[in-house]
Amino acid sequence: MPETTPILALPLIAAGQAQKHVTHNEALIQLDAVVQLACRDKDLAAPPAAPAEGDRYLVLSPAPTGAWAGLSGQVAQFQDGRWRGLAPKPGWLAWILDEDELYIFTAAGWVRFRSTLRQLQTLTRLGLGTTADAANPFAAKLNTALWTALTTAEGGTGDLRCTPNKQGPGNVLSLLFQSAFTGRAEIGLSGSDDLTIKVAPDTGGFREALRIDRATGRVDVAGPAPAPLLGAPALRLTQDLATDGSLLAGGLTMQASSGGLAWTVAGLAGTGGTAGGFAGGLAVFVKPADGARPGALREAARFGPEGNLGLGTSAPLTTRLGVAGIIAHAADNTWSLGTPALRASVLYAGTGAISTSDAREKTPVAPLSEAEIAAGRALAREIGPFRFHDAVARKGDGARRHVGLTVQRAVAILEAEGLDPFAYGFVCRDSWPAVAPQEAGPATEAVRDADGATIAPAVPARAACPGRAAGERYGFRTDQLLLFLARGFEARLTALEAAAGP
């Protein structure tokens, strides 16, 4: 029969042994030392100065001194005024009181028990720094968190992918961001399989700010559009777009919610580059409406860096407006080109202007009266050279001389013949109202309600306007005036021929 137990080496009472109580008490003392093992410290290399009866220490120093010499790795117990060592076996557990930490003895020595944990399976709740509950079975209260990939040197791939999963498209899978436990933003798959970003104001209620279509990759900003659009644009805005800086994109395509034609804006090369021989600026492309060229775009307009505009032309812009095609008003014989107060200085043309003279659109042509013929003859005598006041003010004696007459003299001559000058189309008097001066105004930001909806749009800065006084100006329809004068010439020529005789 052995003298000690195989695990804890407790002394066994031999048959016929005298003073059996000594052996029994020794075994109880050892059990008292190792059962529910709790050590005061593990970092001392020498015994404390005033240990209490029954105190236990974990001696981890490789070279302890004093009464602990030779007890490295053992449990030192103070009993009956002396220290004794208890050699641990694999699997022993020791609670370290000054650390509130559980240690375990392994083949590598004493290590923290939690470092040996390899699996936590089928837990129903887990709280880190806080208490998990039924509503939040996993809860953590901390200031920083780190997830790092298992490297290839450690047997991993070096990658890290977190994979949340939901039951189906109609369910929610999201990250909810709160401030003072009130939801302010949400990112995820909310009720669909499209990725959405939502935000909420102080009054509550989430508004969708961005949606990425899972099938096309299209991005909708400020919520979904009211109706599907044609094509597959990369970015779709359903509200106004304002930028205080720069907007850079490979192309910007606009399209009506009902379908309609797309138009595309593309930035042209700026300093250091050209696009189509045109340096800098912005071009607008449209899709043909006839469908003859599916997907093709045609350049419709381009804006030059100096503010010049070209329509239907890709040639370099040298004028404020360049047009490759016919310019026409939307309604026939309705609007003027220029105004009495805002006139063109020069009109260049390869041929003359064409005025309508269709018998189907006018009353029968009547002969001029004697008074009208007399007025025509008198007007011809008023023709002479003159110079414009503004040209004289700018050029002095270098101002050019023009030939003509004034409306004021024409009015006087017609009235002298008993005629109403303003009953004739070749006499014109136009006026304009005053325009009040306007001070420069600063830009203002958009006004929005508590839900972020626009109440008043942003207003750009306003330039100052000097204003304009009311005024009037006289003018001729020269083509009609010349015909009026020609009739006077004809009458005078006829009279001269008659006086000369055959």
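Checking Ala440 against (1) on the phi < 0 side of the Ramachandran plot; (2) of a type in the set (Gly, Ala, Ser); (3) assigned by TED's automatic domain parsing to the domain that holds Leu482, which test does it fail?
(3)
Tell me, which residue of segment 30-60 that is surrounded by fewer than 16 Cβ atoms within 10 Å (Cβ to Cβ) and small (Gly, Ala, Ser) is nearest to the chain's Cα centre (by Cα)?
Per the criteria, the residue is Ala38.
Show the residue pairs that are 6+ apart or on different chains and have beta-carbon atoms under 7 Å apart, the first residue being within segment 480-502 and within 16 Å of Val427 (Cβ to Cβ), the second being at pLDDT below 95 and basic (Lys, Arg).
Close Cβ pairs (under 7 Å, with a partner that is at pLDDT below 95 and basic (Lys, Arg)) amount to Gly488/Arg377.
Which of the residues belonging to segment 89-108 are surrounded by fewer than 12 Cβ atoms within 10 Å (Cβ to Cβ) and either touching an Asp or Glu at 6+ places or on another chain (Cβ under 9 Å) or closer than 13 Å to Lys42 by Cα (or both)?
Pass one, segment 89-108, residues surrounded by fewer than 12 Cβ atoms within 10 Å (Cβ to Cβ): 89-91, 98, 100, 107-108.
Within segment 89-108, Asp98, Asp100 qualify.
Would you confirm, using the coordinates I've provided, whether Arg184 is out of contact with any Gly (no Cβ under 7 Å at 6 or more places or on another chain), in a strand (DSSP E or B) and under 28 Å from Gln36 (Cα atoms)? Don't jump to the end; show me each part of the working.
Values: out of contact with any Gly (no Cβ under 7 Å at 6 or more places or on another chain): yes; in a strand (DSSP E or B): yes; under 28 Å from Gln36 (Cα atoms): no.
So Arg184 does not fit the description; no.
Pick from Ser355, Ser369: which is in contact (Cβ under 8 Å) with a residue 60 or more places away in the chain and not aliphatic (A, V, I, L, M)? Break it down stepwise before answering.
Numbers: Ser369 fails: in contact (Cβ under 8 Å) with a residue 60 or more places away in the chain.
One residue alone meets the criteria, Ser355.
Restrict the check to segment 216-226 and report whether at least one residue is under 21 Å from Arg448 (Cα atoms), modelled with pLDDT of 90 or more and surrounded by 12 or more Cβ atoms within 10 Å (Cβ to Cβ).
So far as segment 216-226 goes, no, none of its residues is under 21 Å from Arg448 (Cα atoms), modelled with pLDDT of 90 or more and surrounded by 12 or more Cβ atoms within 10 Å (Cβ to Cβ).
Every residue in segment 119-169 that is surrounded by 10 or more Cβ atoms within 10 Å (Cβ to Cβ) and either in the same structural domain as Asp193 (by TED's automatic domain parsing) or closer than 28 Å to Ala200 by Cα (or both), please. Write out each step before concluding.
Restricting attention to segment 119-169, the residues satisfying the condition of being surrounded by 10 or more Cβ atoms within 10 Å (Cβ to Cβ) are 125-128, 130, 132-133, 136-140, 149-152, 156-158, 160, 166, 169.
Selection gives Thr130, Ala132, Asp133, Asn136, Pro137, Phe138, Ala139, Ala140, Lys166, Pro169.
Going through Ala134, Ala94 one at a time, which residue ends up being under 30 Å from Val34 (Cβ atoms) and of a type in the set (Gly, Ala, Ser)? Write out each step before concluding.
Numbers: Ala134 fails: under 30 Å from Val34 (Cβ atoms).
Going through Ala134, Ala94 in turn, the sole match is Ala94.
Give me the pairs, please: first residue somewhere in segment 189-217 and more than 16 Å from Gly168 (Cα to Cα), second residue anywhere and aromatic (Phe, Trp, Tyr) and surrounded by 15 or more Cβ atoms within 10 Å (Cβ to Cβ), beta-carbon distance under 7 Å, and either six or more positions apart or on two chains.
Sorted first by the residue in segment 189-217, then by its partner, the pairs are Lys198/Phe206; Val199/Phe206; Ala200/Phe206.
Among the candidates Ser369, Ser357, which residue alone is of a type in the set (Gly, Ala, Ser) and closer than 15 Å to Gln480 by Cα?
Only one candidate passes the filter, namely Ser357.
Can you name every residue in segment 59-81 that is among the hydrophobic types (A, V, I, L, M, F, W, C), more than 18 Å from Gln30 (Cα to Cα) and in a loop (DSSP other than H, G, I, E, B)? First the steps, then the outcome.
Quick first cut of segment 59-81, residues among the hydrophobic types (A, V, I, L, M, F, W, C) only: 59-60, 63, 67-69, 71, 75-76, 78.
Going one step further and asking which of them are more than 18 Å from Gln30 (Cα to Cα), we end up with 60, 63, 67, 69.
Once the filter is applied, which keeps residues that are among the hydrophobic types (A, V, I, L, M, F, W, C), more than 18 Å from Gln30 (Cα to Cα) and in a loop (DSSP other than H, G, I, E, B), segment 59-81 yields Leu60, Ala63, Ala69.
When both residues are 6+ apart or on different chains and their Cβ atoms are under 7 Å apart, which pairs have a first residue that lies in segment 419-445 and is without any contact (Cβ under 8 Å) to a residue 12 or more places away in the chain and closer than 25 Å to Ala469 by Cα, and a second that is surrounded by 12 or more Cβ atoms within 10 Å (Cβ to Cβ) and of a type outside the set (A, V, I, L, M)?
Pairs that qualify, where the first residue is without any contact (Cβ under 8 Å) to a residue 12 or more places away in the chain and closer than 25 Å to Ala469 by Cα and the partner is surrounded by 12 or more Cβ atoms within 10 Å (Cβ to Cβ) and of a type outside the set (A, V, I, L, M), are Phe422/Arg429.
Can you find, within segment 29-53, the residue that is modelled with the highest pLDDT among those that are in contact with a Leu (Cβ under 9 Å, 6 or more places away or on another chain) and outside any loop (DSSP other than H, G, I, E, B)?
Cys39
Quick one: Leu496 ticks every box in (1) in a helix (DSSP H, G or I); (2) surrounded by 10 or more Cβ atoms within 10 Å (Cβ to Cβ) except a single one, so which number is it?
For Leu496, the exception is condition (2).
Tell me which of these Thr339 doesn't satisfy, since it passes every other one: (1) surrounded by 10 or more Cβ atoms within 10 Å (Cβ to Cβ); (2) in contact (Cβ under 8 Å) with a residue 12 or more places away in the chain; (3) within 27 Å of Phe484 (Cβ to Cβ).
(1)
The values are calculated or read from the model by the stated rules, or taken from the named source; none is laboratory data. Predicted model only: the values in this text are computed from it and were never measured. FYI the Cβ positions are ideal-geometry reconstructions off the backbone, even for glycines, and counts take in every protein chain you see.
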